[in-house]
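**Q** Starting off with a structure, shown below.
The values are calculated or read from the model by the stated rules, or taken from the named source; none is laboratory data. These numbers come from a predicted model, not from an experiment. All Cβ positions, glycine included, derive from the backbone under ideal geometry; neighbour counts span all protein chains shown. Please note that ligands, DNA and RNA were not included when accessible areas were found on the heavy atoms of the full protein model with its side chains. Shrake-Rupley method; radii C 1.70, N 1.55, O 1.52, S 1.80 Å.
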Amino acid sequence: MKKVFFTGQRTIENDIETIPKLMQTIKNLLLEGATDFYAGGAIGWDMLCEKVVLMFRDERVPYIRLHLILPCPPEEQTARWSSFDKDRYREILETADSVDIVSEHYCKDCMRSRNVRLAETGDVCVCYYNEESRRSGTAQTVRMAKRLGRKIINLR
């Protein structure tokens, strides 16, 4: 059984190409035995992946599970988000199969702790990552995943 985790940038370029690639990647992983999908609840790539996994679960593959690993409580994570993003996030939270909150409160290291947990939990990392951006949380998570010997699938 493979566990898949997602990490990626907040801004996704060219949705028209990226969404079908993501859907095909998830289909392929399902055929390889993936059943559990983990994401960190961030705007952008995380939310897109969470929505696609939920679509697969609700429409075609009822046995798969979406697990959220959040850096801090949702109210604190979304404090500066738009009402549109908060509403999308709330929908995902309500339909996820599990929610794990890494830190009781937002703090300097909670995002990194979430990223460590994602990399340690998954077998496969599906990312949307600009390899020139070395200082981002996504870059940090991909580096951790590589050090842990995880398979990396970059859809950017």
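**Q** Using the Cα centre of region 1-93 as the reference point, and only Cβ charges (+1 on K/R, -1 on D/E), how large is the resulting charge dipole? Debye, rounded to the nearest 20.
**A** Details: 13 positive and 14 negative charges, 45 e Å.
Around 220 debye, computed over region 1-93.
**Q** Leaving out ligands, DNA and RNA but keeping every protein chain, what accessible area does residue 84 have, in Å² rounded to the nearest 10, with a 1.4 Å probe?
**A** Result for residue 84: roughly 130 Å² accessible.
**Q** Compute the separation of the alpha-carbon centres of region 77-117 and region 122-148 and state it in Å as a whole number.
**A** Cα centroid to Cα centroid, the span is 19 Å.
**Q** Going 7 Å from the Cα of residue 88 in the Cα-to-Cβ direction, what parts of region 42-77 have a backbone nitrogen less than 13 Å from that spot?
**A** Answer for region 42-77: 42-52.
**Q** Could you give the accessible area per residue of region 5-100, probe 1.4 Å, as a whole number in Å²? Walk me through the numbers on the way to the answer.
**A** Values: 4680 Å² over 96 residues.
Heavy-atom accessible area per residue stands at 49 Å².
**Q** Give me, ordered by chain and number, the residues 5 or more places off residue 152 or on other chains with an amide H under 5 Å from its own placed amide H.
**A** The answer is 125.
**Q** Show me, for region 114-124, the HN-Hα J-couplings you get by feeding each phi into the Karplus relation (A = 6.51, B = -1.76, C = 1.60, θ = phi - 60°), rounded to Hz, glycine and proline as x.
**A** Karplus values, whole Hz, x for Gly and Pro: 4, 5, 4, 4, 4, 5, 6, 7, x, 9, 10.
**Q** For the chain, what relative contact order do you get, as a whole percent, if you take Cα pairs closer than 8 Å and at least 6 residues apart? Display every interim value, and only then the final one.
**A** Numbers: 257 pairs, mean separation 44.9, N = 156.
Computed over the chain, the figure is 29 percent.
**Q** Pairs to check: 86/108; 21/86; 3/146; 3/86. Give those whose C-alpha atoms are more than 24 Å from each other in this structure. Mind dumping the intermediate values first?
**A** On the way: 86/108 22 Å; 21/86 26 Å; 3/146 15 Å; 3/86 27 Å.
Cα-Cα > 24 Å for 21/86; 3/86; rest within.
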